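Chemist: Just dropping this structure here.
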Amino acid sequence: MKQNWKPGTTIYPLPAVLVSCGSTPDEYNLLTVSWVGTICTNPPMCYVSIRPERYSYEILRKNMEFVINLTTVGMARATDWCGVNSGKNYNKFEQTGLTPRKAQIVQAPYVEESPLCIECKAREIVRLGSHDMFIADVVNLLADDKYIDPATGAFDMQKANLLVYSHGHYYEMGREIGKFGWSVQKKNK
């Protein structure tokens, strides 16, 4: 039997990402975000939803550029630390030991330790309630060579050991159980 619950945010798991922002080194900041996702393939677009009271919000709004840095299990402590501490009180790159690097297209830095960095230019901000959604064009991807399969050129998400977030907890990804279309794929005899 199902119970009725009041509406809430229970679509999990989600990626636990670090959003890097700022146009100059003295403005660089990191923000832990899980309200993030893909919204369009062509053109490639994504979103991040941020509370307006967050320190990074004004940096994002002013510059309208940011980088979504996927995180790994090895980055879990730094990811959590950036989510519970404010950039107005700390230089998060210095405090976590993460390395800011100049992005290729946007002014915001990317995180060197991230396996995949998604450079974004926001096209609009949609006010929603507790969060504002930054809808952005993906303008470049920076993929770490060590996770690229030399035979196929594909990025190996499993090998990257990505970090996910589920209702207040962090998890590592589990084992692969199939690939897109495997349920209808013809079996070799």
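Chemist: With a ≥ b ≥ c the root eigenvalues of the C-alpha gyration tensor of the range 23-98, is it rounded (a/c under 1.5), prolate (a/b larger than b/c) or oblate? All intermediate terms of the calculation are to be shown ahead of the outcome.
Modeler: Numbers: a/c = 1.85, a/b = 1.30, b/c = 1.42.
Oblate is the answer for the range 23-98, as a/c is 1.5 or above yet b/c matches or exceeds a/b.
Chemist: Let me ask something else. When a/c is below 1.5 the answer is rounded, else prolate if a/b is larger than b/c, else oblate, so apply that to the range 91-155 with a ≥ b ≥ c taken from the square roots of the Cα gyration tensor eigenvalues. All intermediate terms of the calculation are to be shown ahead of the outcome.
Modeler: Working: a/c = 2.28, a/b = 1.40, b/c = 1.63.
Oblate, since a/c reaches 1.5 and b/c is not below a/b.
Chemist: If you don't mind, another one. Filter the trypsin sites (Lys or Arg not before Pro) in the range 55-146 down to the DSSP loop ones having no more than 10 other Cβ atoms within 10 Å, then list what survives.
Modeler: Within the range 55-146, the qualifying trypsin sites (Lys or Arg not before Pro) (loop, at most 10 other Cβ atoms within 10 Å) are 88.
Chemist: Mean residue ellipticity at 222 nm from the helices of the chain, using -39,500 (n - 2.57) per DSSP H segment of n ≥ 4 over the full residue count, to the nearest 500 deg cm²/dmol?
Modeler: Per the formula, -3500 deg cm²/dmol.
Chemist: Treat each spin label as a single point 7 Å out from the Cα along the C-beta direction, and report the residue 171 to residue 139 distance in nm.
Modeler: 3.6
Chemist: Between residue 86 and residue 184, with labels modelled 7 Å along Cα→Cβ, what's the label distance in nm to one decimal, could you check?
Modeler: 5.2
Chemist: If you don't mind, another one. Using the reciprocal of the averaged 1/r over all distinct C-alpha pairs, how large is the Kirkwood radius of the chain in Å?
Modeler: This gives a value of 17.7 Å.
Chemist: Restricting attention to the range 123-181, which GluC sites (Glu not before Pro) occupy a DSSP loop and are surrounded by at most 10 other Cβ atoms within 10 Å?
Modeler: 176
Chemist: Related question: Which whole-Hz couplings ³J(HN,Hα) result when phi for each residue of the range 5-11 is put into the Karplus expression 6.51 cos²θ - 1.76 cosθ + 1.60, θ = phi - 60°, listed in order with x for Gly and Pro?
Modeler: 10, 5, x, x, 9, 10, 8
Chemist: Let me ask something additional. Run the simple label-point estimate for residue 26 and residue 101 please: 7 Å along Cα→C-beta, distance reported in nm.
Modeler: Simple spin-label model gives 2.6 nm for this pair.
Chemist: Then there is this: Each residue of the range 135-142 in order: what ³J(HN,Hα) in whole Hz does its phi give by Karplus 6.51 cos²θ - 1.76 cosθ + 1.60, θ = phi - 60°, with x for Gly and Pro?
Modeler: Per-residue couplings from phi come out as 8, 9, 7, 7, 10, 5, 10, 10 Hz.
Chemist: Would you mind putting 65-73, 149-157 in packing order, based on average other-beta-carbon counts within 10 Å, highest first?
Modeler: With the highest mean Cβ count within 10 Å placed first, the list reads 65-73, 149-157.
Taken together, the values in this text are just the output of simple stated rules run on the coordinates, not laboratory data. These numbers come from a predicted model, not from an experiment. Ideal geometry is used to build each Cβ from the backbone, glycine not excepted, and the neighbour counts take in all protein chains shown.
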